[in-house]
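Structure record follows, encoded as structure tokens.
Any read-out appearing in this document is the output of simple, stated calculations on the displayed coordinates, not a laboratory observation. Everything numeric in this text was worked out from a predicted model, so none of it was measured. Don't worry about glycine lacking a Cβ; one is built from the backbone with ideal geometry, like all the others, and counts go over all protein chains shown.
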Amino acid sequence: MSDPEQPYAGLHPERVLDAIAAAGLAPDGRLLALNSYENRVYQVGLEDGTFIVAKFYRPARWSDAAIGEEHAFTLELAAAELPVVAPLAFAGHSLLRHAGFRYALFPRRGGRAPELESADSLLWMGRLIARLHGIGGRAPFRHRGVLDRATLVAAPARAVRDSGLLPSDRRARYRDAIDRLDAAIAAREAALGPLRQLRLHGDCHPGNVLWTDAGPHFVDLDDARMGPAVQDLWMLAHDAAALELLLEGYAEFGDFDRRELALVPALRAMRQVHHAGWIAARWHDPAFPAAFPFAAEARWWDEHLDDLAAAAQTLEG
């Protein structure tokens, strides 16, 4: 079993290659670590000259059932001819195990960053997201949770308070900032009333969309959850005009409840809280201090506290 303090300590290159071989493939020794912090992801060369991508899941983050839902949703999208990178199955299984690690293998799909300053690109993305949501609305997730205040405010705030990263003389200010922001988000949600919840990509930012000459495709549904449709739209829009273009494309394939636009400031604020909490919760992983050294500096927490206050003021206004 992996060490919960250093969950990937035993995932050395030879073990990665052994896991590929255990799936029945023939790695040729070429191995490239790809940019990923939550999981560990590698591009692996095969003896036939092709490549695959191996994703090793962070232990204890998702249950087997939750990962199964991620895979099933991705395969459902692919079957409907949505451009997504779906896991490969071996003997009928896409979630594999080797030496205490759970992993999945994917075909390698390259691409470039989307040009989201382009109206055509935004319209195209809007159409694709509407199609994705059409499938996402067919059935709920039962094991992957919901994008809500418990997940994106309470849990990450607790991780911050439990860590040693937040300077002790900022703790009271942090508590007050979180309480104020949480109340503002709750009030915004209450004012809007019930909104439709559906299966989402969940983390649909420009880094999770790759573009080729054939168009865009989605990658990495690791954060797929239940939530409102606008969650998969707002991170792709750099301003209000861009969001309107996304919605124009969306309208070609689906209906959008425009009440959800009032959730965008709340979703943005919850993402800020979650990001800080994610870093705090993962600080024991050696990759995190190396990647986010600023989180050990008091001035970064001061900036974060200022951001939380500004977000609360926006929601209260």
ask   = Residue by residue, what Karplus-based ³J(HN,Hα) values in Hz, rounded to whole numbers, does the stretch 109-119 have, using 6.51, -1.76 and 1.60 with θ = phi - 60° and x for Gly and Pro?
value = 10, x, x, 10, 5, x, 8, 7, 7, 8, 4
message = Multiplying the sequence separation of Ala119 and Glu14 by 0.36 nm and subtracting their Cα-Cα distance, what value in nm do you get?
response = 33.2 nm
query = Dipole size in debye (nearest 20) for the stretch 119-316 around its Cα centre, Lys and Arg Cβ +1, Asp and Glu Cβ -1?
reply = 720
query = For Leu88, which sequence-distant residues (separation of 5 or more, or a different chain) have an amide H within less than 5 Å of its own amide H, given hydrogens modelled in the peptide plane?
reply = Leu105, Phe106
task = Rounded to the nearest Å, what's the spacing between the alpha carbon centres of the stretch 247-317 and the stretch 134-165? Just the number, please.
result = 13
task = For the stretch 291-304, take each phi angle, set θ = phi - 60°, evaluate the Karplus expression 6.51 cos²θ - 1.76 cosθ + 1.60, and give the result in whole Hz per residue in order, putting x for glycine and proline.
result = 8, 10, x, 4, 5, 8, 9, 4, 5, 5, 5, 5, 5, 5
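Percent relative contact order of the chain, based on C-alpha pairs within less than 8 angstrom and at least six residues apart?
20
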ask   = Nearest 0.05, what FRET efficiency do Ala21 and Ala186 give at R0 = 41 Å with Cβ-Cβ as r?
value = 0.20
remark   = chymotrypsin sites (Phe, Trp or Tyr not before Pro) in the stretch 6-83 lying in a DSSP loop, each with at most 16 other Cβ atoms within 10 Å of its Cβ, come to Tyr37
key: Nitroxide proxy distance, nm - points 7 Å out along Cα→Cβ at Ile135 and Asp48   = 2.4
Ranked list, fewest to most other Cβ atoms within 10 Å of each Cβ, for Ser94, Ser118, Ser168 = Ser168, Ser118, Ser94
request  = Note down the nm distance, to one decimal, between modelled labels 7 Å out along Cα→Cβ at Arg112 and at Leu31.
outcome  = 3.2
ask   = Quick one: Karplus J couplings for the stretch 236-251, per residue in order, coefficients 6.51, -1.76, 1.60, θ = phi - 60°, nearest Hz, x for Gly and Pro?
value = 8, 9, 7, 7, 4, 5, 5, 5, 5, 5, 4, 5, 4, x, 4, 5
remark   = Taking the reciprocal of mean 1/r across every pair of different Cα atoms in the stretch 13-107, the Kirkwood radius in Å is 13.8
Mean projected area (nm²) of the alpha-carbon convex hull when the stretch 82-124 is viewed from all directions = 4.8
note = Of the residues Ala310, Pro156, Val230, the Cα lying farthest along the dipole of the stretch 119-316 towards its positive end, which is defined by charges on the beta carbon of Lys, Arg, Asp and Glu, belongs to Pro156
Separation of the Ala89 and Glu252 label points, Cα + 7 Å toward Cβ, nm = 3.2
query = Which of rounded, prolate, oblate describes the chain, given a ≥ b ≥ c as roots of the alpha-carbon gyration tensor eigenvalues and a/c under 1.5 marking rounded, otherwise prolate only if a/b is larger than b/c?
reply = oblate
query = Is the shape of the stretch 150-305 best called rounded, prolate or oblate, per the rule: a/c under 1.5 gives rounded, else a/b larger than b/c gives prolate, else oblate, with a ≥ b ≥ c the square roots of the Cα gyration tensor eigenvalues?
reply = oblate
query = What FRET efficiency, computed as 1/(1 + (r/R0)^6) with R0 = 41 Å and r the Cβ-Cβ distance, is obtained for Ala78 and Ala310, rounded to the nearest 0.05?
reply = 0.50
request  = Could you give the size of the charge dipole of the stretch 102-174 about its Cα centre, using +1 on the Cβ of each K and R and -1 on the Cβ of each D and E, expressed in debye and rounded to the nearest 20?
outcome  = 400
